[in-house]
1. For Ser54, are the conditions met, namely being closer than 27 Å to Pro200 by Cβ, modelled with pLDDT under 80 and open to solvent by less than 30 Å² (accessible area, probe 1.4 Å)?
2. For Pro311, work out the one condition from (1) farther than 16 Å from Arg194 by Cα; (2) within 26 Å of the chain's Cα centre (by Cα) it doesn't fulfil.
3. From the set of residues in the range 255-311 that are of a type in the set (D, E, K, R) and not in a helix (DSSP H, G or I), which is surrounded by the most Cβ atoms within 10 Å (Cβ to Cβ)?
4. Which pairs do you get when a residue that is in the same structural domain as Gly176 (by the TED database), found in the range 69-82, comes within reach of a residue that is open to solvent by 60 Å² or more (accessible area, probe 1.4 Å) and in a helix (DSSP H, G or I), reach meaning Cβ atoms under 8 angstrom, with the pair 6+ apart or on two chains?
5. Quick one: which helices (runs of 4 or more DSSP H) sit completely within the range 105-202 and have at least 1 residues that are aliphatic (A, V, I, L, M) and open to solvent by 50 Å² or more (accessible area, probe 1.4 Å)?
6. Could you list all residues from the range 312-327 that are open to solvent by 20 Å² or more (accessible area, probe 1.4 Å) and in a loop (DSSP other than H, G, I, E, B)?
7. Looking at the range 316-341 only, could you name the residues that are farther than 21 Å from Glu273 by Cα and in contact (Cβ under 8 Å) with a residue 24 or more places away in the chain?
8. Please indicate, with yes or no, whether at least one residue in the range 102-114 is touching a Leu at 6+ places or on another chain (Cβ under 7 Å) and farther than 25 Å from Arg73 by Cα.
Amino acid sequence: MSSAPRSPTPRPRRMKKDESFLGKLGGTLARKRRAREVSDLQEEGKNAINSPMSPALADVHPEDTQLEENEERTMIDPTSKEDPKFKELVKVLLDWINDVLVEERIIVKQLEEDLYDGQVLQKLLEKLAGCKLNVAEVTQSEIGQKQKLQTVLEAVHDLLRPRGWALRWSVDSIHGKNLVAILHLLVSLAMHFRAPIRLPEHVTVQVVVVRKREGLLHSSHISEELTTTTEMMMGRFERDAFDTLFDHAPDKLSVVKKFADGVYLVLLMGLLEDYFVPLHNFYLTPESFDQKVHNVSFAFELMLDGGLKKPKARPEDVVNLDLKSTLRVLYNLFTKYKNVE
């Protein structure tokens, strides 16, 4: 009995194997070519920034040099990033944001990486302004992120425009992780909401501006002022009686230093309003900066309860022996209680 002939085992087509190999080889070559193009472009950007008119070599990333014709990109010069005052500014703002958002369980570690998509900025503004913005909670797409940023920044602009602030940021600059624009925004917010922080004064950075023209990258350096003086940033441009007093008798004002720890202010409010202030509400012998700030803040609360306007000075100003700020607080007390027997 003869057995049935076996069906031949199908063999893979050699062409498919060759095609697969060539496909992989082509993909590998394409990836290498793209990587080489990025490397060449990055080198071109570094050469542009390292030109004779640019003494410092900026920390250029490939995405910073992939520009369209006439497109412009800015970055902070590395030497400015190492400036102690710049580092202090970034740290103070980081600590402030994290303090404001502590109940939201949000921790910001790097300003440009954590604020660019609008999520943290939304929470920050809502907390500071006591409002609720009508935006999507989570946005993954670039379009969605920019839409959220647009809504958040419009709300910021509505707050700052009446105060005459120069708006030195945009949706594109914030979303593009432009640290200078982000710092300008945060400084303005901190000043507008009278943040309980002390920003370093006269912080200026060197900014590298890279622009693509006729296929070549060109660079230049500009100075960007991030902070001036606290008084100017708070908008106190007018001179008043206190300025005149400082001009003529600054050496006779050391007595107000006695109010710097807040103890006298608290006790004074109790005397003026005729009540006893429980000792557990403040530090009778404060030892740390935070304890002194607590005392002055508590005294400000007592002033508000007594019908006074919110002091223009910040508690930190009084603790830091800012005589003009302390005088303004005392003058407010004098004008209200001068006729009290």
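The values are calculated or read from the model by the stated rules, or taken from the named source; none is laboratory data. These numbers were taken from a predicted model, which means no experiment stands behind them. Every residue, glycine as well, gets a Cβ built from its backbone with ideal geometry; the counts of neighbours run over all protein chains shown. We work out accessible area using only protein heavy atoms, side chains counted, and drop any ligands, DNA or RNA first. Shrake-Rupley method; radii C 1.70, N 1.55, O 1.52, S 1.80 Å.
1. When the stated conditions are applied, Ser54 passes them.
2. The single condition Pro311 does not satisfy is (1).
3. Asp261
4. Qualifying pairs under 8 Å: Lys81/Lys87.
5. Numbers: elements: 111-115, 119-129, 142-160, 171-175, 179-192.
Those helices (runs of 4 or more DSSP H) span 142-160.
6. Lys312, Asn320, Leu321, Asp322
7. Keep residues of the range 316-341 that are farther than 21 Å from Glu273 by Cα, which gives 316-325.
Residues satisfying the conditions are Glu316, Asp317, Val318, Val319, Asn320, Leu321, Leu323, Lys324.
8. no
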